[in-house]
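Note sheet for the following structure.
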Amino acid sequence: MKHLIAGLVISATVWPGAASAHWQYTRWGMTPEKVQSAAKGKLSPVAGQDGCPSCSSVPLLAGDYSAGGQQFRVVFGFTDGKLSQVILAIPATSRTWGCNDLYDRLSQNYGAPVSRAPLTGDGTLPNSRWLDSKEDNTVAFNDTSQQNGMCEILYSPIMTGKGL
């Protein structure tokens, strides 16, 4: 499982750069139809298990994403009909503090977080948040291992006052 987490982090930290300050094949502000088209029709409408209680957007599309031989769950969130968040969910290594390896890898990639909430594991607030100025993304980390056995990475645009 430790290799799975390492592979996920490596893949997750590479994904945003592939689309020039956005996530993989999407661009911030795309409509759900454009995201579905960019995904070559491989996404589905969000089902109950893909809901994201810690998301600030409405999750409308979800799918599986494979990288490095690993399978990821990705959920696309929209605000006012425009892509505003990409959520990567991965299995935790255990039910108690099972996201530590992922957190460590994110810290290695992005440095010290700009904000950090108590590591409660309840997913009500991002446990940590980084500003990736190179890619113009906000990267948030949630440890929900105690509640649902998952770790989340949430990508969204850095808000500059210009909107999407």
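In the stretch 63-79, the condition of being in contact with a Lys or Arg (Cβ under 8 Å, 6 or more places away or on another chain), modelled with pLDDT of 55 or more and within 22 Å of Trp130 (Cα to Cα) is met by no residue. Evaluation of Pro118 against the conditions (1) modelled with pLDDT of 80 or more; (2) farther than 26 Å from Ala62 by Cα shows that the sole unmet condition is (1). Restricting attention to the stretch 42-60 and to residues that are assigned to a strand (DSSP E or B) and touching an Asp or Glu at 6+ places or on another chain (Cβ under 9 Å), the residue that is modelled with the highest pLDDT turns out to be Ser44. Suppose we filter the stretch 14-37 for residues that are part of a helix (DSSP H, G or I) and at pLDDT 95 or above; how many remain? Residues in the stretch 14-37 being part of a helix (DSSP H, G or I) and at pLDDT 95 or above: 6 in total. Taking the condition at pLDDT 85 or above, within 15 Å of the chain's Cα centre (by Cα) and surrounded by fewer than 18 Cβ atoms within 10 Å (Cβ to Cβ), does Leu131 pass? So Leu131 fits the description; yes.
The values are calculated or read from the model by the stated rules, or taken from the named source; none is laboratory data. All values reported here derive from a predicted model rather than from experimental measurement. Using ideal geometry, Cβ is built from the backbone for each residue, glycine included, and neighbour counts are taken over all protein chains shown.
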